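Okay, so here's the structure we're looking at.
The values are calculated or read from the model by the stated rules, or taken from the named source; none is laboratory data. Note that this is a predicted model, so its numbers are computed, not measured. Here Cβ is always computed from backbone atoms with ideal geometry, including for glycine, and neighbour counts include all displayed protein chains.
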Amino acid sequence: MNYVVAGYSIVLSILFLYGVQLAWRRRRWTRLVARVEASHAAVGDGGAGAAVDVPAE
Amino acid sequence: MTTITPDTSPTTPGAGPSTPDAEPTRSALPTSLAQSTRMVWTTRIVGLTAAVSVGFTVWLGLWVTPPDKVQGDLVRLVYIHPGVAWVALYLAFGLAAVSSLLYLWPRTRSFFWDRLAAAAVEVGVVFNICTLISGSIWGRPTWGVWWAWDARLTLTAVLLVLFLGYLALRRIPAEPEVRAKRCAFAALFAAVDIPLVHFSVDWWKTLHQGATVLNANLSPTIHGSMAWTLLLGFIALTLVFVWMLLVRYRIGVLEDFLGTGELEVAILERQAEGAGATPTAGSGDGAAEVAR
């Protein structure tokens, strides 16, 4: 039974930790986009649909 | 300055590609996805259902179902091992292959398929790791070894390495179209291993047992509460996959909008945090700041 418990624990832990990491990444990116959009609005840029500039390397 | 004009191609998973023959371009602002109430609630409901069904599977698998006549309690691992393998090999990597094919097909070419493939591969790699670990833990008391160079085990490990290579390929800096195209070819190349894994137990003499449910006669050799628990395990892990895919796809949309360069993102974060700061990455004219 030890192998069974170990198998369930490891597999479910991996899935849980990956799920938590996904949720954290989504929240981080969503907040970042929201901040950028808010800044866009502040400068009256419009944002969506506009041509965007990529800085030269 | 290089200028990229965002297109109007759809960014939501349910929207599908835009017009046929449309050239792939960077996505428009993903606010429709990020702020879509329906999308948020769909993701939450799928996640909640997945968590509940996984809980039921564990309860049935560990406490309700009887031990097997031959395997004893080890049969309980069978309620999750085939489920994670099903998700990794067939759902995730199969979806990645189909999405990659649709990206390469000129009439359906859209970054939607590229992002979907990338999301499916990342989630699939996690499930593939779970497959190898749970199989190894089952194999130790059953076969006496943690690992055997058996055809199915080896080909499953090869599949993991191939799709890890796919993820590495995505991180190599390149133009979006170039990256998407070469990743699509890589996914199709890796997907050749999927039927090899599936039929390995029929084509070669292997330690791994043959198909229990989807065998040649389509006559499952498992029954009673064990069969129902196995079925619930498949459904639960499929729901977990769907939830992870939805979340990972959204991350992909947001990453594509802002660019995934860590330095650029860090700069943007600092600029956005600054009170009244203009979040440009060097453009100097207040325009948007998609990097990379």
When the residues of the stretch B:57-70 are filtered to those that are touching a residue at least 12 places away in the same chain (Cβ under 8 Å) and not in a helix (DSSP H, G or I), which remaining residue is surrounded by the most Cβ atoms within 10 Å (Cβ to Cβ)? B:65
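Every residue, every condition in (1) touching a residue at least 24 places away in the same chain (Cβ under 8 Å); (2) within 12 Å of chain A (Cβ to nearest Cβ), yes or no:
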| residue | (1), (2) |
| --- | --- |
| B:52 | no, no |
| B:55 | no, yes |
| B:72 | no, yes |
| B:75 | yes, yes |
| B:79 | yes, yes |
In the stretch B:204-239, anything modelled with pLDDT of 85 or more and of a type in the set (Phe, Trp, Tyr) is listed as B:228, B:234
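Can you tell me which residue in the stretch B:126-150 is nearest to residue B:96 (Cα to Cα), limited to those that are more than 10 Å from chain A (Cβ to nearest Cβ) and assigned to a helix (DSSP H, G or I)? Steps first, please.
Start the filter on the stretch B:126-150 by keeping residues that are more than 10 Å from chain A (Cβ to nearest Cβ), which leaves B:128, B:132, B:143-150.
Next cut, assigned to a helix (DSSP H, G or I) only: B:128, B:132, B:143.
Values: B:128: 14, B:132: 20, B:143: 33 Å.
Restricting to residues being more than 10 Å from chain A (Cβ to nearest Cβ) and assigned to a helix (DSSP H, G or I), the top hit is B:128.
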Taking interchain pairs and intrachain pairs at least six residues apart, which have beta carbon atoms under 6 angstrom, with the first residue in the stretch B:187-209 and in the same structural domain as residue B:140 (by TED's automatic domain parsing) and the second at pLDDT 90 or above and surrounded by fewer than 16 Cβ atoms within 10 Å (Cβ to Cβ)? B:193/B:158
